[in-house]
Amino acid sequence: MISKDLKRKFLRGMLRLRLIEERLSSIYHQADEIKTPMHLYTGQEAVAVGVCAALRPSDTVSPYHRSHGWYIAKGGDLNAMMAELMGKEAGCSGGWGGSMHLLDVASGVMGSSSILAATVPHAVGAALAFQMKGEDRVAVAPAGDAAIEEGVFHESLNWASLKKLPVIFVCENNLYSTTTPLSARQPSVDIYKRAEGYGMPGVRCNGNDVGDVYTKALEAVNRARRAQGPSLIEVMTYRWREHVGPNYDWDAGYRTEQEGQEWMKHCPINTLAAEFPAQEVQSYRDEFEKEIDESLAFARKAAFPRKEAIRV
Amino acid sequence: MKYSESIRDAQAVMMRQDKRVFVCGLGVPAPGEVFGSTRGLKEEFGDKRVFDTPASENGTLGVLLGASLQGMRPIMVNQRVDFFLLALDQLINHASKWKYMFGGRQEMSVLVRLIVGRGWGQGPQHSQSMHALFAHIPGLKVAAPVTPYDAKGMIISALQEGGPVVMIEHRRLYDENQDVPEGVYRVAFGQAHVAVEGKDVTLVASSHMVSEAKKAVRLLMAQGISAELIDLRSLRPLDVQTVYSSVKKTGHLVLVEGDWKPCSVSGEIIASLAEKDPKIFKSAPIRVMWLDMPAPTSAPLEEAFYPSVKDIGDACLKALGISVSMVEESPQEKVKFNGPF
């Protein structure tokens, strides 16, 4: 049973994330103040929020190009993210990274990479270091469904299982790699079932049900903490907006608006919000909009890196 | 101490004083112990710090980089450079860029030890050196130590300074002998070493070709020609200044490198000197390098593929405007090498 307080935490986490992403999409090209390819997380909030709720601050995540959700859900600093998106010196990566390369070491957000599955071994390596140093920490490796097709993903599962490392592989299966559907890329073997070949548990969750994600993530995290080794979690989810950029892309021809509407109908935030008084939800909304206003104001005011900062 | 022993010693002294350091790779604790270069490490430091890995080069490097972000100082060993090419995504897209991509807030550290093979029919996929490929990438340090002293000192520098370091170790150097100090000392990256002082012609060499060039220097000496031999030691950063000072003196430049000519480190040196001072050359620089093709396997073809000591000597004579083929390589100068490694 998930307590009301925990549900409230989920709701707040997802709503905040949604409002951040939706605000970014609304301002993205307006004044052209954000000059970085942005892969928005709208629709997938339950994944990062559900998984991160099962983690401690000292645990780590190693995100990939669709990085905002993991950064924010793990506790990354919002001002520093907004400043990074605007290429400012106060950005979490000093203006050197942009949307695809976010970092907040204090919150356990290890650097994210744009190369598919490339940070998956980094999480395995973090887990190796935890094990070597005898630290009670776990590492999470998020990856999209196309990352599963990369060799290094399988190398990482093999490594982690061999050494019984405290790492959790989270596949966010949003059904498309840019515009190429899963069916054009993989045989029809469920992703979570690949875990069996590496001698670790694999489970699937409903990415529109944050409680389901949290419960299964917690089980994997507990296993890892008990030194029982890694797990693979596949979360069925859906990216509402285009692969990269602020728009809907129903006219692009690779998916139908009807399919999108079906997923939106089961929006994880609306579903959970229905369990709370509308007034309460509205108060969270107001709170987050204000926070976003402030973070954008911070980022706009922040200085650009000086050209002299470029040195070999 | 042999080159292989100095590498072993460098890893051991660092592991004794720095708990962050560990060493792994396929065959590291196995019989043979990477040609002796990891001998006894498992016995001294245990299998948590000295261990075999899956054959996954890219995955393994990624794992080690991830561990380095948690404060570890890993050493990854590959018995041939060629296999490590599978790890270029982690090396080039990640290790080299991390510090830059995150505005200096975090840096990945790893010492990648790569061994180059040559001869005894090792063929095109067991004998590449890939100097130019690694040296091309900003954010990497690339070492190619030739002496046991430098091998130990550069490993210690790599582990103390941190950051991603690629160390190219030529298998033919593994039995070179030299007195090596005990304990910790450093040899800096980016500093070439004048191995032999001379005044008539500058010979710039790297890795195994330094020992071949040394033989050529002796043969030239017998002809009354004084060649200055520079051992680059570090391919990135590249010490152009030391080469410049030498060529300023001699006016003649011959470069000897175990790699292909196009886009090579040797080509980079010529270009850097030409940019700096186009009048420095009294004769056109000459590169003595591999034929522009993958290495062959059969012995006579190998002999045709790899430049000989005579080729190096002749290139120096040519640079000096002396008619060629005065240098003869004595049979005892020829390398004896029994395979399979």
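List the longest stretch of chain A that has no exposed loop site; here a site is one of the chymotrypsin sites (Phe, Trp or Tyr not before Pro) assigned by DSSP to anything other than H, G, I, E or B, with at most 16 other Cβ within 10 Å. Mind dumping the intermediate values first?
On the way: sites that count: A:TYR248, A:TYR254.
In short, A:1-247.
Give me the number: length gained by fully extending B:ARG186 to B:LYS276, i.e. 0.36 nm times residue separation minus the C-alpha to C-alpha distance, one decimal in nm. Before the final figure, lay out the partial values.
Numbers: separation 90, 0.36 × 90 = 32.40 nm, distance 3.00 nm.
So the extension gain works out to 29.4 nm.
Let me check I've understood the local charge: for A:ALA160, count other residues with C-beta under 14 angstrom from its C-beta, Lys and Arg +1, Asp and Glu -1. What total comes out?
+3
Note on A:GLU275 and B:LYS199: the model spin-label points, each 7 Å out from Cα along the C-beta direction, lie 9.0 nm apart.
Compared with the dominant Cα axis of chain B, that is its longest principal axis, helix B:148-161 is turned about 50°. Here A:LYS133 is the anchor, and the aspartates and glutamates within straight C-alpha reach of less than 16 Å, apart from those fewer than 8 places off in the same chain, are A:ASP59, B:ASP18, B:ASP47. Place a point 7 Å from Cα of A:ALA227 in the direction of its Cβ. Which residues in region A:162-193 have their backbone N less than 19 Å from it? The answer is A:162-168, whose backbone nitrogens lie closer than 19 Å to the label point.
Estimated purely from DSSP H runs of n ≥ 4, each contributing -39500 (n - 2.57), the mean residue ellipticity at 222 nm for chain A is -13000 deg cm²/dmol once divided by its residues.
So for region B:94-248, Kirkwood radius off the Cα pairs, Stokes-Einstein at 20 °C and 1.002 mPa s: how many µm² s⁻¹? Please report the intermediate quantities before stating the final value.
On the way: Rh = 16.7 Å.
D, rounded to a whole number, is 129 µm²/s.
Among all stretches of chain A without exposed trypsin sites (Lys or Arg not before Pro) (DSSP loop, at most 13 other Cβ atoms within 10 Å), which one is longest?
Numbers: sites that count: A:LYS35, A:ARG185, A:ARG226, A:ARG306, A:ARG311.
In chain A, the maximal stretch lacking such sites is A:36-184.
Relative to the longest principal axis of the Cα atoms of chain B, the long axis of helix B:57-68 lies at roughly 70 degrees. Of the residues B:ALA284, B:ILE168, A:VAL170, the one whose Cα sits farthest toward the positive end of the charge dipole of the protein assembly as shown, with +1 on the Cβ of Lys and Arg and -1 on the Cβ of Asp and Glu, is B:ILE168.
Can you tell me the length gained on complete extension of the stretch A:ALA297 to A:LYS164, counting 0.36 nm per residue apart and subtracting the Cα distance?
Full-extension gain reported as 43.3 nm.
Using a cut-off of 14 Å between beta-carbons, work out the net charge of the residues near A:LEU19 (Lys and Arg +1, Asp and Glu -1, A:LEU19 not included). Combined, the nearby Lys, Arg, Asp and Glu give -3. When the pairs A:LYS164/B:LYS2; A:LYS9/A:LYS163; A:LYS163/A:LYS216 are compared against a 26 Å limit on Cα-Cα distance, A:LYS164/B:LYS2; A:LYS9/A:LYS163 fall above it. Cross-link partners for A:LYS88 among the aspartates and glutamates, with Cα-Cα distance under 18 Å and sequence neighbours closer than 8 places in the same chain left out: A:ASP32, A:GLU33, A:ASP77, A:ASP104, A:ASP293, A:GLU294, A:GLU308.
Take the cross-link list B:LYS261/B:LYS282; A:LYS74/B:LYS99; A:LYS301/B:LYS97; B:LYS97/B:LYS249 and give me the ones stretching past 30 Å between alpha-carbons.
On the way: B:LYS261/B:LYS282 22 Å; A:LYS74/B:LYS99 22 Å; A:LYS301/B:LYS97 28 Å; B:LYS97/B:LYS249 38 Å.
Over 30 Å apart, Cα to Cα: B:LYS97/B:LYS249.
Set the Förster distance to 60 Å, then compute FRET efficiency between B:SER226 and A:LEU218 from the Cβ-Cβ distance, nearest 0.05.
On the way: r = 75 Å, r/R0 = 1.25.
It comes out at approximately 0.20.
Since every read-out is calculated from the coordinates, none of them should be taken as a lab result. Nothing here was measured: the structure is a model prediction, and the numbers come from that model. Here Cβ is always computed from backbone atoms with ideal geometry, including for glycine, and neighbour counts include all displayed protein chains.
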